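Have a look at the structure that comes next, please.
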């Protein structure tokens, strides 16, 4: 990802913009905006970790049972819902 989260001043409020140029939220102080940027970054890292784990699980399931990605995805989602 080439861009970062940023803040922009809008009147007397601070707006947080994500790397995809979407507005995340509006905050009364710059400190509050920066705290939310850190929260967003933590969530991004959690999403990336989860994505990596799912990809490893899919590839492993595909190899173990000689099935395609769609079939492996079905069984992994089913197991996750029942966990």
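Coordinate-derived values only; no laboratory data. Being a predicted model, the structure only gives us computed values, none of them experimental. Here Cβ is always computed from backbone atoms with ideal geometry, including for glycine, and neighbour counts include all displayed protein chains.
Which whole-number percent gives the relative contact order of the range 6-82, counting Cα pairs below 8 Å spaced six or more residues apart?
Taking the mean separation of contacting Cα pairs over the length of the range 6-82, I get 16 percent.
Note down the nm distance, to one decimal, between modelled labels 7 Å out along Cα→Cβ at residue 8 and at residue 74.
4.5 nm
Related question: For the chain, max minus min Cα coordinate along each principal axis, in Å, sorted largest first?
Here the spans come out as 58, 29, 15 Å, largest first.
Would you give the gap between the C-alpha center of the range 37-59 and the C-alpha center of the range 1-29, rounded to a whole Å?
Comparing the Cα centres of the range 37-59 and the range 1-29, I get a distance of 22 Å.
Run the helix sum for the chain: -39,500 (n - 2.57) per DSSP H stretch of 4+ residues, divided by residue count, reported at 222 nm to the nearest 500 deg cm²/dmol.
-21500 deg cm²/dmol
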